Amino acid sequence: MTHTLHRTGDIESLKEDFTMLTHVARGYNDHGAGERLKQMAEIARKYTNLNYGDCKVGNQFMMSPEEIANKHTVGWQVVFKDKESLIACMKELKEKNIGISVVVSGLFDEVFDCCKKAGINPPLVEFALGIHGNKNKIWPKEILDFVTMCGHGLVSGHLVKKMIEDITNKKISIKEAAIELAKPCLCGAFNPYRAAKLLEKLVTQ
Amino acid sequence: MRIEEGKCVGCGLCISYCPVGAIQLNEDKKNNRKKKVNIDEDQCVECGVCLRAQVCKSQAIYLPELKWPRVARRAFSDPMVEHKETGVPGRGTEEMKTNEVTGRFKRGSWGMAVEVGRPGVGARLWELELIAMALAEKGVVFEPRNPVTFLFADVKTGKLKPELKNEKVLSAIIEFEVKPEQLREVLKILKDISDQVETVFSVDLISFPEEEEKGPALKIAREMGFPVYPNGKVNLGLGRVLNK
């Protein structure tokens, strides 16, 4: 499950896109992990309310965050748009030392800077080495930037096009369209704040 | 997924939600003035997005009972399904996320993942087999704690269970470790095989923070024509053993 890797986009846009996930290690810290995951989610949600979810349960646009928090067994995701909140969250998670793994995705320069400021020395990184094969089949860049925000591939490029069309025809607001796009991404890894900015750019072009 | 024909009112609201474009609006054969939505079963990956979208007011969309081998579509497309072999939902692998606890990837080698069908295209499992067999031929050993490994009839050769070949999934991850002396060869295989698949695949490299910019793996990747994205995943190292 590499679902928070391979996000495409311009540097400026990616500067407002950080995903944090927690994950239990099966056989090592999975026994009774639900309560620990809930505690960690409560900490993270103090610093961001953009999106929160668990792929076995759903995201905050499908049900209440409290309902999600009570059902964790493996892990959860949240998204941040700024480094200050991310650093504060990383500091508190480190201080509380609950013991479940945490991974942050984003621009390496920015994430490493956050780690430094939070007093964290990350032991491992994962790099994306691009898309290969029959690239004629992938969505054009302006659609791909939305589609790749759900690493499980649940956000359809057709839906992105439909939302652009609906905004243009004044059937839906930009904010509502961004949330509609966030709904299929069960994990809560989709960043609706960034999506709204991308939609705004596209419809004003 | 299926559509209960009698219930469908032909509004077409579900169509755009399908990540693989398997839903179409067609003429109703019995009443040519009306339209009906139909799901192309061959293209459908059983991800469940259309059902969960809750846009079908007449509740015509439903999930039928899936039998082997079709059930593999859902396992590799619907993240709500936990892979029974690994206990992990989504694509079913912990990969680097818990490495500070499990020690899965160790210094002196690199982790690699080839996610077939990503981003947003989907793949037939024969395409995964093609890549896996080419890698296995060069001595690549597949990660045992990844659900793809359980799809192989022969884990040493990467040959799939034959009944799975035509099943379509949103994506599936071939995961393995590479020794420094293997990396160039592995990347060359992936480059060469690009022309032989109908789908796309995304490539990951799992390494250590000091690799960034100055490490040998990224240098080799760049020399071989692989782009290195400026963004990626960073394990914060906050996990530890807690089970008694």
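Every read-out reported here was derived from the displayed coordinates using simple, explicitly stated rules and does not represent laboratory data. Remember, predicted model here, so these are calculated numbers, not experimental data. Backbone-built Cβ (ideal geometry, glycine too); neighbour counts: all protein chains shown.
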> Averaged over A:25-34, how many beta carbons belonging to a partner chain fall within 10 Å of each residue's beta carbon?
Replying inline: 6
> Under a GNM of chain B (C-alpha, springs under 10 Å), which listed residue has the highest mean-square fluctuation: B:60, B:217, B:72?
Replying inline: B:60
>> Going through the cross-link list B:97/B:244; B:156/B:244; B:84/B:161; A:96/A:197; A:162/A:197, which pairs have a Cα-Cα distance over 27 Å in this structure?
In response: B:156/B:244; A:96/A:197
> What spacing in nm lies between the two simple spin-label points modelled at residue B:163 and residue A:31, each 7 Å away from Cα in the Cβ direction?
Replying inline: 3.8 nm
>> For a 24 Å ceiling on Cα separation, which of these pairs sit above it: A:38/B:106; A:15/A:46; A:141/B:106; A:56/B:35?
In response: A:38/B:106; A:141/B:106; A:56/B:35
> Between residue B:11 and residue A:173, what is the spin-label point distance in nm, taking each point 7 Å from the Cα along the Cα→C-beta axis?
Replying inline: 2.3 nm
> So, with +1 on the Cβ of K and R and -1 on the Cβ of D and E, and no other charges, what is the size of the charge dipole of chain B about its Cα centre, to the nearest 20 debye?
Replying inline: 700 debye
> Among B:30, B:84, B:57, which one moves the most in a GNM of chain B with springs linking Cα atoms closer than 10 Å?
Replying inline: B:30
>> With a cap of 12 neighbouring Cβ atoms within 10 Å, and only residues DSSP puts in a loop, list the chymotrypsin sites (Phe, Trp or Tyr not before Pro) found in the range A:1-69.
In response: none
> What percent does the relative contact order of the range A:11-118 come to when contacts are Cα pairs within less than 8 Å and at least six residues apart?
Replying inline: 43 percent
>> Using DSSP to call loops (not H, G, I, E or B), can you name the trypsin sites (Lys or Arg not before Pro) in the range A:132-196 whose Cβ has at most 14 other Cβ atoms within 10 angstrom?
In response: A:170, A:171
> Once phi is turned into θ = phi - 60°, what whole-Hz ³J(HN,Hα) does the Karplus curve with 6.51, -1.76 and 1.60 give for every residue of the range A:14-25, x standing for Gly and Pro?
Replying inline: 5, 5, 10, 9, 10, 10, 10, 10, 10, 8, 7, 9
